[in-house]
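Structure first, then comments.
The values are calculated or read from the model by the stated rules, or taken from the named source; none is laboratory data. Note that the structure is a prediction, hence the values are computed from the model and not measured. Counting neighbours? That spans all protein chains shown, and the Cβs are built from the backbone with ideal geometry, glycine included. These accessible areas exclude ligands, DNA and RNA; they are computed on the full protein's heavy atoms, side chains included. Shrake-Rupley method; radii C 1.70, N 1.55, O 1.52, S 1.80 Å.
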Amino acid sequence: QVQLVESGGGLVQAGGSLRLSCAASGSIFSINDMGWYRQAPGNQREEVAFVSNSSTTYYGDSVKGRFTISRDNAKNTVYLQMNSLKPEDAAVYYCYAHIRSAGATKFVDYWGQGTQVTVSS
């Protein structure tokens, strides 16, 4: 059984920073991409950033220059450092990981439970 557990959300003032973490655990054989999506009420889910297992990164246009994604492969953990936060960054942030579990032949996407980020103006 594979599980992703997120932490680090909360309330911050506009211009402030937060760091999200997402740790994968369980019977993991290999992890490819790890990343983050977010969803605000009434909005579609938006891809925020991802990082490949070779550390290639992608950022959504709305967060470029403000957010930084990184991963620690030894800890099966992905991080999202969010700086210069804006009220429009407020959303539930979900991490995901493309994982091949032990004994499996294919990679499957696993998701975290979501963590709330609130930005006050």
Notebook entry, point to check: Which residue, of Asp72, Asp89, is farther than 12 Å from Val117 by Cβ and among the acidic types (Asp, Glu)?
Noted result: Asp72
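How many of the residues making up segment 69-88 are under 14 Å from the mean Cα position of the chain (by Cα) and either at positive phi or without any contact (Cβ under 8 Å) to a residue 40 or more places away in the chain (or both)? Even if it seems obvious, please write down each step before you answer.
Initially, segment 69-88 is screened for residues under 14 Å from the mean Cα position of the chain (by Cα), giving 69-72, 76-82.
Filter once more, keeping what is either at positive phi or without any contact (Cβ under 8 Å) to a residue 40 or more places away in the chain (or both): 69-72, 76.
Residues flagged as under 14 Å from the mean Cα position of the chain (by Cα) and either at positive phi or without any contact (Cβ under 8 Å) to a residue 40 or more places away in the chain (or both) within segment 69-88 amount to 5.
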Notebook entry, point to check: Where in segment 3-121 are there strands (runs of 3 or more DSSP E), lying wholly inside it, with at least 2 residues that are open to solvent by less than 50 Å² (accessible area, probe 1.4 Å)?
Noted result: 10-13, 18-26, 28-39, 46-51, 67-72, 77-82, 91-101, 115-120
Next item on the list: Please go through segment 61-72 and pick out each residue that is within 18 Å of Arg19 (Cβ to Cβ) and not basic (Lys, Arg).
Entry: Val63, Gly65, Phe67, Thr68, Ile69, Ser70, Asp72
